[in-house]
Ligand code: SF4
């Protein structure tokens, strides 16, 4: 597939894992806040609104690519999915790859980038969403990230306008509902902002996904972090609660606090205790999701309130393992050998992890080793 100079369109650096197969349309560039200590994604990059016309041109370019993949399928007598795989495997650039992946998955979902799309004027965003839907009538779900700070100020009426235009879901990085943790991480919002924003989104009828950061309170605030986060979520009543575990790398501002001793990281065991306390304290209907490799216990997933006991049982099973077996699980999971708690009973997988442990010698399975292995996934 030969590309002409103006066929490619612009892509931002990230999207939620649940939007891996979505068409990505970059509506703004970077993050208008850009100060969170744990977030390296947009550091050094200036926030910019893109004009409606510029975004529409990108949508047109995505359509050109989509049409060319459809032509390829027709001309070569293959299926659309085969043509999409062909382009995906040797794309002229990332925008072709994105369209191919999106088409392969059925072409039903789109995600608006970057970090805080709601900051755009509501009328402009309505126009972009309308144009996207007109260009691709097959799209059934349009989602985006937003900051609570913005969603709290947007107001229910404007959010309803966006829902009517076709915005189906908003992903918000809540991280914590405990003000000292939010202030320490320089999140730029309070628990009250999170609650107001979340309630606004829920009242507008847009589906809401709140991301909670396990370990965000470190050793000092793990208990308050769990309790206050659950308290905020109980008021918001989001559709989804997604867990992410705190990771720390030298490129993050938080790294300096770790080095100086200002922030003491929670161990896996402590984070699991925090997760348990948080789930025990939840009293709202929501789908709990753990869809990221950085989470120790991916099976902590289910619908609240009916599956709350099932979620807690997973945690209790881990906690009930003898220390040596917990080490096998933790190391196996961080190495990607073990994927679920049940895997620990698999003799071959167990032996593979034990082999690695034997090579570690006296150092054993240290927290530093586990942190380092986990952070390969971000
Ligand atoms: S608001 Fe989101 S994207 Fe912006 S710095 Fe914070 S975590 Fe990163």
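Points to keep in mind about this one:
- Taking (1) at pLDDT 95 or above; (2) outside any loop (DSSP other than H, G, I, E, B) in turn, residue 18 satisfies each apart from (1).
- Segment 181-207: number of residues that are away from the ligand (no atom under 16 Å from the Cβ) and either without any contact (Cβ under 8 Å) to a residue 12 or more places away in the chain or not in a helix (DSSP H, G or I) (or both): 4
- Any helices (runs of 4 or more DSSP H) falling wholly within segment 275-363 and containing at least 3 residues that are under 19 Å from residue 226 (Cα atoms) and not assigned by TED's automatic domain parsing to the domain that holds residue 16: 308-320
- Any hit, segment 218-236, residues being touching a residue at least 60 places away in the same chain (Cβ under 8 Å), touching a strand residue (DSSP E or B) at 6+ places or on another chain (Cβ under 8 Å) and buried (at least 24 other Cβ atoms within 10 Å of the Cβ): no
- Count - residues of segment 172-205 that are buried (at least 21 other Cβ atoms within 10 Å of the Cβ) and under 30 Å from residue 131 (Cβ atoms): 7
- Residue within segment 219-242 that is in contact with a helix residue (DSSP H, G or I) (Cβ under 7 Å, 6 or more places away or on another chain), in a strand (DSSP E or B) and under 22 Å from residue 148 (Cβ atoms) present: yes
- Selected residue (criterion: nearest to residue 193 (Cα to Cα)) from residues of segment 122-151 that are touching a residue at least 40 places away in the same chain (Cβ under 8 Å) and part of a loop (DSSP other than H, G, I, E, B): 147
- Identity of the residue in segment 138-159, surrounded by fewer than 17 Cβ atoms within 10 Å (Cβ to Cβ) and out of contact with any strand residue (DSSP E or B) (no Cβ under 6 Å at 6 or more places or on another chain), that ends up modelled with the lowest pLDDT: 155
- The combined condition, being in contact (Cβ under 8 Å) with a residue 12 or more places away in the chain and within 16 Å of the ligand (Cβ to nearest atom), is not fulfilled by residue 7.
- Segment 119-137, residues that are out of contact with any helix residue (DSSP H, G or I) (no Cβ under 9 Å at 6 or more places or on another chain) and either crowded, with 23+ Cβ neighbours inside 10 Å or within 13 Å of residue 19 (Cα to Cα) (or both): none
- Residues in segment 21-31 that are closer than 13 Å to residue 112 by Cβ and in a loop (DSSP other than H, G, I, E, B): 22, 27.
- Candidates 176, 168, 148, 144 - the one that is away from the ligand (no atom under 16 Å from the Cβ) and under 22 Å from the mean Cα position of the chain (by Cα): 168
- When residues of segment 332-373 are limited to those that are surrounded by 18 or more Cβ atoms within 10 Å (Cβ to Cβ) and in contact (Cβ under 8 Å) with a residue 24 or more places away in the chain, the one nearest to residue 266 (Cα to Cα): 371
The values are calculated or read from the model by the stated rules, or taken from the named source; none is laboratory data. Keep in mind that what you see is a predicted model, and the values were worked out from it rather than measured. Heads up, the Cβs are rebuilt from the backbone with ideal geometry, glycines too, and the neighbour counts pull from every protein chain shown.
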